[in-house]
Structure formats: C-alpha cells, structure tokens
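Just so you know, all these numbers are worked out from the coordinates, no wet-lab data involved. In this text, all values refer to a predicted model and were calculated from it rather than measured experimentally. Here the Cβ positions follow ideal geometry from the backbone for every residue, glycine too, while neighbour counts run over all protein chains shown.
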C-alpha cells in the first residue's frame, strides 16, 4: 500500500444535484491532508463516501487498501472519525465514554495515555454536560483515537472554539501525525489549513479545483502583494497612478494590490506627495484565504 486514500473518478448525485463530480486524488501515508470549500461544495458527501457511510454512484475508492463498501467492517476497525456535530448523554463521564467506545473495537488504545495527551486527566470523572467546548472537542478526538486508528478523519475540528482552545487542538493534530498516523482534515478556517496541512484540496461545485501544498497554492497567485492603510479625510485613488493593479476601499480602510520590488516605497512617496493623510500602513503577503477566494469566488453560499 503506497497511499492511505486513492480516489479515482468518484461521482455521487442526488437526483439532478451532482454532489461529487468525477473527483480523483490521493492522500499519502503520514500526511495531514486538508479539504476546504464553500458550503455545498461536496466535501461532506465525499468524506462520507470515504468512510463508507455512502456509496458512490461510480468511480474507484480505496481507503487503507480497502473498499469502504465491501470491506466496511474491517475498515472501521482501522479508521477514526471525529464528526462536525456530535453529542453524548449529559451524565456520561469522560472515562465512561472512553470505555464505551473502546468496547466497539477489537483493540483499543490505552485510555490513560489518551487522557494525558489530550489534557483530560483532571476531567476523567466529569460528566459530559459540565465540560467546556474545548474539552468536549478534545474528548471527541480521544474517542476518534480510541481504536488506535491508522487514519483519522477530523471534521470542522475547531468550530466554535476560542483562540486558546483552537491552538491547543492544532497541537493535538500535529501530535497525531507525529505518531505516524494519517489525518484528513476538513475546515472552514483557512489559517488552520495553512498551518497544519501538508497539502490542501479546494473543492467547489463537486470538483477539486486546486490541490497542492499551501505554499505552492499561495505562490500560484499573481499580483498578490497588498498594501493596507487607513486614511483620514479625502482620498483620490488616481494619485497612485499606475502603481496599483486594483484598489479596494471599505470606509477608511484602503487596500492596494500590485507587484514590484519597490511597491511599498512608491506608494508611500505617492501618498506623501499628494498630502494624503494616512496611518497604520503595512504590507501583507497573500495567504490561503486569498487563494480560496480566487478559485471559489466571493459569493455567499447557503
């Protein structure tokens, strides 16, 4: 087995709606593979096909060498799944949840080790209902790892978490990979994908419209450099002449897009010569969010 996941020409439709439209990709063993895309892009359907919860209409799917439909029971022993929306009985204690889920599998990881790794030792006797949002997320990760899986699916891992809890969850994901496991991460946070993932697939309208390392995806943009500043009073965009590829303004905030080694200095000189009052001027490099917006557009999706 040379890859953890091998998908070729996967297609899944619901009547006239094509959720996954001829998708092909591979996930290498030991990598963190990110999947991002707007609502309705087909991410959830594709993941459910990989997990064996749905059957593709056509195409080939192999996960850890198994067919998720034909070999579902064996595959479930070797994968872990953390769902976007999950719940447990409020009175169920942390250690009871771990014991319950461990009973579903032929082999189980050491519970105390999971509690240690996920910072839940002091909460082992705490009922689920009394856990914080971050603690609940860490518990669900522990439950996804209880069978010591080779491949872990993490769906919207940090939705609803505060920044501190989000960074703690990122450390957990890195630790999972360091233990030799493969991670498939779906997220709406572009910073999360950029920081964690070895490669990222961007989905839109059921297709993978871009797939590469975060670094290469960002490098693919042209005319990317942004000069951002706040203005006091009037601003005439024409004073920047041919320096800018385009200019966006939102209230007092101005964003200038362009390129060139001396772009920052040229813009400062142009603003000073025009006697435009500006402040908080800075240069920003493009990031994965810019790539996402470039390939998937800015239109809101339901």
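Observations
- Whether segment 67-214 is rounded, prolate or oblate, judged on the alpha carbon gyration tensor where a/c under 1.5 counts as rounded: oblate
- Hydrodynamic radius of segment 1-78 per Kirkwood, over alpha carbon pairs, in Å: 12.8
- Theoretical ellipticity at 222 nm over the chain - DSSP helices of four or more residues, -39500 (n - 2.57) apiece, nearest 500: -8500 deg cm²/dmol
- Per-pair calculated FRET efficiency, R0 = 51 Å: residue 17 and residue 232 via Cβ, rounded to 0.05: 0.50
- Hypothetical label at residue 39: residues of segment 172-197 whose amide nitrogen lies under 14 Å (7 Å Cα-Cβ projection): 188
- Here, segment 1-136 has an Rg and a Dmax of 17.7, 51 Å when only alpha carbons are counted.
- Antiparallel bridge percentage (DSSP; both residues within the chain; nearest 5): 70
- Between segment 206-235 and segment 37-93, the C-alpha centres lie 33 angstrom from each other.
- Our summary of shape: the Cα atoms of segment 225-285 have principal axis extents of 28, 22, 18 Å, ordered from largest down, in whole angstrom.
- Cα gyration tensor, segment 177-302 - rounded (a/c under 1.5), prolate or oblate: prolate
- Length gained when the stretch residue 77-residue 277 is fully extended (0.36 nm per residue, less Cα-Cα span): 65.6 nm
- Cα gyration tensor shape of segment 115-161, rounded if a/c is under 1.5, else prolate or oblate by comparing a/b with b/c: oblate
- Stretching residue 126 away from residue 171 to a fully extended chain increases their span by 13.9 nm, per 0.36 nm per residue minus the current alpha-carbon distance.
- Stokes-Einstein D in µm²/s, Kirkwood radius over Cα pairs - the chain at 10 °C with 1.306 mPa s viscosity: 73
- Residue separation of residue 248 and residue 67 scaled by 0.36 nm, minus their Cα-Cα distance, works out to 60.2 nm of gained length.
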